[in-house]
Amino acid sequence: MILIIAEKPSLARNIASAIGDLKRRDGYLEGEGYLVTWAFGHLFSLCDIETYSPAPLGATGWTMENLPCFPERFRFELRKGDDKKTVDSGVQKQFGIISSLCAREDVDTIVNAGDSDREGEIIVRLCITHTGVSGKSLKRLWLPDQTPQTVRAALADMKDESEYDNLADEGFARTYIDWLYGVNLTRYATLRTGTLLRVGRVIVPIVKAIYERDMAIRNFVPGKYLSISSKEETKGEVVELHSKQKFDMEDAPKAEALCAKYNQAGAVVTAVKNQKSTLPPGKLYSLSKLQNVLGKKYKMSMKDSLDIIQKLYEDGYLTYPRTNSEYLATAEKDKIKTILGNCKKLGYPVEFKDSKTIFDDSKIESHSALTPTYKIPAKGVLSERENQVYSTVFRRFIAVFCAEPCKISKTEITIAVGNLETFTLKGNVILEPGWTKYDDRTQKDKVLPPLQKGDQVVIDFKPTEKETSPPKHFTIETLNNYLKNPFREEKAAAKEAAETADDTVLEDDTEDYRAMFEGLELGTEATRTGIIDNARHSGYIELKKDTYTILPGGEFLVESLENLGVVMDKFKTAELGKALKSVFRGKITVSDSVALAKEKISAAMGAGEGSNDIGYFGDILGSCPLCGNEIRRMRSFYGCSGYKEGCKFSVNTYICGKAISAANLRKLLVDGKTDPIEGFISKKTGNTFAARLVLDENKKAVFSFDDRKKPKKQTIPLCPKCNSPIIKGKTAYGCSAWKTGCDFRLPFEQDGKQLTDEEVLTLLREGREP
């Protein structure tokens, strides 16, 4: 008997349906030599900190006493219910059924039918491991889609579970590392700030990217400049020429002079190129690329689109959704031919194309691009939103394999303005629509004026005042593109500019795939949507239509972590991402990657110590100099606990960019002044300075600069002849009154001995000669 454990009930039903007529039992299905049962996603979760290191007696809530927590061995427990205290009864019952089925004597093979990714791999592995059953054959059912044909084919070609050990190792390593970051730094930052801060390995750099973009927009100061351009009619058509030359506003006379020079030189068409070409369709969709289109066209959030894509997958209409590839595997060619045959029966002009731009194993990590399956939904079966998603995938699939090419006329006109500057105009016109009848085209037709080589072009260049533009807010599309390769910003911008100019440009995506496979992306296709949604629900970021903006809670998160010295940027996250990919490739162990995370977390939690240690929220620092009540560490300041009675004494925890440590605050309360503090930053000049904080007559903390280092007074030696100051020359000291006749001179070298400056000055001050 073969026992199949599916990740969720819907998958179990699809597997059972493909096998045949199985009988329904309590928590499983049976028949045809199979038992099919299921989990409810994660039945197990990692134990909390208190399991490893209980809080001290009397402690309520979180405490620093058990932080950081680095378990020697990670432990799992059955998932708790809504009360977070007792095990969910449904989870407990279903795991009991799984355990009893695994222990049945007639079961000789247990099949892991988790989703075909690292998360699904460990979900079912944990179930099997915790049953304690051993000695049975373990297999893996890997499903690219959930159609009956695919399920039956996969059941006939199951591999040993051991072949997926590296995938499981990466899954466990990712789970352990994310737990370490989440529980340690969330508690640490919360205890430090007095505000719940959800700190995670990936959520922080995502929020930080949106924060930095929005700060750049908020602080942007537009600059005005002059450009020169001409917009005049030639042969009844307007010809626009925009020079690359730019001028500062104060250089307006230079701009005017150059315009006059251009206009005097005249313009002539030096070349006209007309070429017929074919416009290639876009690539098949990865999850994030599909979400980009759905967000831009239908204003779907990433969560909404993923929920619909997942449902279409579970209903058997689409292939596995959480894929990072836009390519198909060469092993899928026969399957694609069958699907194309089904499309052809529906009247679509498609043909099989054996092309490297479609089939490329080198650009597939685990799963191929999203495509339709053998199962095509009948009209009216899908909801409006489901149809929007399905048709987007289906139309792209038809476009890629369309037998009718999209033929275009490409025109390029070169215009020379004397020998001063050359301008190139580009235009495309569709001659035969081909695949564009089924899928959207990025650019519209651009018709150029009917100019011929040798034509004189009417020009009138004039200076035009323009203004620099601020950066743009992240959209679903631009944020997704950034997260897939956060180190390719400049190149991505250049690519976008190229595509805007000419939609026939096919970008080289080799670098993007290399970055993904190395682990340089922030989050994965499987996790990114959930993390961004978590950031939204945590009040860190907001999504309006398809545009992300930072919220006050997100600003507080980023700035608080910066103040605490907790560095969680794209570089740190990518370093751990690379380690996780190394686990997947068997280059390092799970323990190696966890050790790296522990090192980073320890460094982060130690960064706020010493002169930057502002203590913890609620700490008592001393007595108020105004009313005698306790001074406590508040969220962003040290304040008097007697504030309800009207006391207004407070000192900010950060002043001019510098932490006011708890130790210095205590000293201020006791002595009326702090130690000298270095590292303040002037808001006016941006320069750093040092000062004490002192309490003035009103008990308000103010700067004191009395301890600034003053230059030592130097006693200037006087001339032994006329009592005028001595000055230093190139080879000797001499009297500054030499112009009025004093000839005193003292060479540096005396009797073959080179005297030091200090020796000479000492002698002169004492009124002695060598």
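Summary of values
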quantity: Answer residue from region 549-604, given it is more than 15 Å from the chain's Cα centre (by Cα) and among the β-branched types (Val, Ile, Thr) and is nearest to Leu479 (Cα to Cα) among those; calculated: Val566
quantity: Of residues in region 141-189 being part of a helix (DSSP H, G or I) and of a type in the set (Lys, Arg), the one farthest from Ser325 (Cα to Cα); calculated: Arg187
quantity: Residues that are within 41 Å of the chain's Cα centre (by Cα), among the charged types (D, E, K, R) and within 30 Å of Asp315 (Cβ to Cβ), drawn from region 13-65; calculated: Arg13
quantity: Pairs where the first residue, in region 594-618, is within 13 Å of Pro68 (Cα to Cα) and in a helix (DSSP H, G or I) and the second is of a type in the set (Val, Ile, Thr) and open to solvent by 30 Å² or more (accessible area, probe 1.4 Å), C-beta under 9 Å, 6+ apart; calculated: Lys600/Val567; Ala603/Val567; Ala604/Val567
quantity: Yes/no for Leu543 being modelled with pLDDT of 95 or more and open to solvent by less than 50 Å² (accessible area, probe 1.4 Å); calculated: yes
quantity: Residue satisfying all of: in region 449-479; more than 41 Å from the chain's Cα centre (by Cα) and among the hydrophobic types (A, V, I, L, M, F, W, C); most open to solvent (accessible area, probe 1.4 Å) among these; calculated: Val458
quantity: Filtered residue count, region 637-654, keeping only those that are assigned to a loop (DSSP other than H, G, I, E, B) and free of Cβ contacts under 8 Å to residues at least 60 places away in the same chain; calculated: 6
quantity: Scope region 79-101; condition within 24 Å of Asp178 (Cα to Cα) and open to solvent by less than 30 Å² (accessible area, probe 1.4 Å); matching residues; calculated: Gly81, Val91
quantity: Of residues in region 510-540 being outside any loop (DSSP other than H, G, I, E, B) and small (Gly, Ala, Ser), the one most open to solvent (accessible area, probe 1.4 Å); calculated: Gly530
quantity: Residues (among the hydroxyl-bearing types (Ser, Thr, Tyr), open to solvent by 30 Å² or more (accessible area, probe 1.4 Å), in contact (Cβ under 8 Å) with a residue 60 or more places away in the chain and in contact with a strand residue (DSSP E or B) (Cβ under 7 Å, 6 or more places away or on another chain)) located in region 15-47; calculated: Tyr28
quantity: Leading residue by the ranking (nearest to Ser593 (Cα to Cα)) among those in region 191-200 that are of a type outside the set (A, V, I, L, M) and either open to solvent by 20 Å² or more (accessible area, probe 1.4 Å) or touching a strand residue (DSSP E or B) at 6+ places or on another chain (Cβ under 6 Å) (or both); calculated: Arg198
quantity: Answer from Lys289, Lys244 - the residue that is within 30 Å of Asp512 (Cβ to Cβ), within 36 Å of the chain's Cα centre (by Cα) and open to solvent by 60 Å² or more (accessible area, probe 1.4 Å); calculated: Lys244
quantity: Residues of region 149-179 that turn out to be under 18 Å from Val124 (Cβ atoms) and among the polar types (S, T, N, Q), as a count; calculated: 3
quantity: Hits in region 27-41 - residues which are assigned to a loop (DSSP other than H, G, I, E, B) and either hydroxyl-bearing (Ser, Thr, Tyr) or more than 20 Å from Arg79 (Cβ to Cβ) (or both); calculated: Glu32, Gly33
quantity: Tally of residues being open to solvent by 60 Å² or more (accessible area, probe 1.4 Å), more than 15 Å from Tyr188 (Cα to Cα) and either of a type outside the set (Asp, Glu) or not in a loop (DSSP other than H, G, I, E, B) (or both) across region 51-75; calculated: 6
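Here's the yes/no breakdown for (1) buried (at least 21 other Cβ atoms within 10 Å of the Cβ); (2) small (Gly, Ala, Ser):
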site: Ser325; (1), (2): yes, yes
site: Glu351; (1), (2): no, no
site: Ser368; (1), (2): yes, yes
site: Pro372; (1), (2): yes, no
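The values are calculated or read from the model by the stated rules, or taken from the named source; none is laboratory data. Quantities reported herein were computed from a predicted structural model and do not represent experimental measurements. Because the Cβ atoms are built from the backbone with ideal geometry, glycine has one as well, and the counts that use them run over all protein chains shown. With ligands, DNA and RNA removed, areas are computed over all heavy atoms of the protein, side chains included. Shrake-Rupley method; radii C 1.70, N 1.55, O 1.52, S 1.80 Å.
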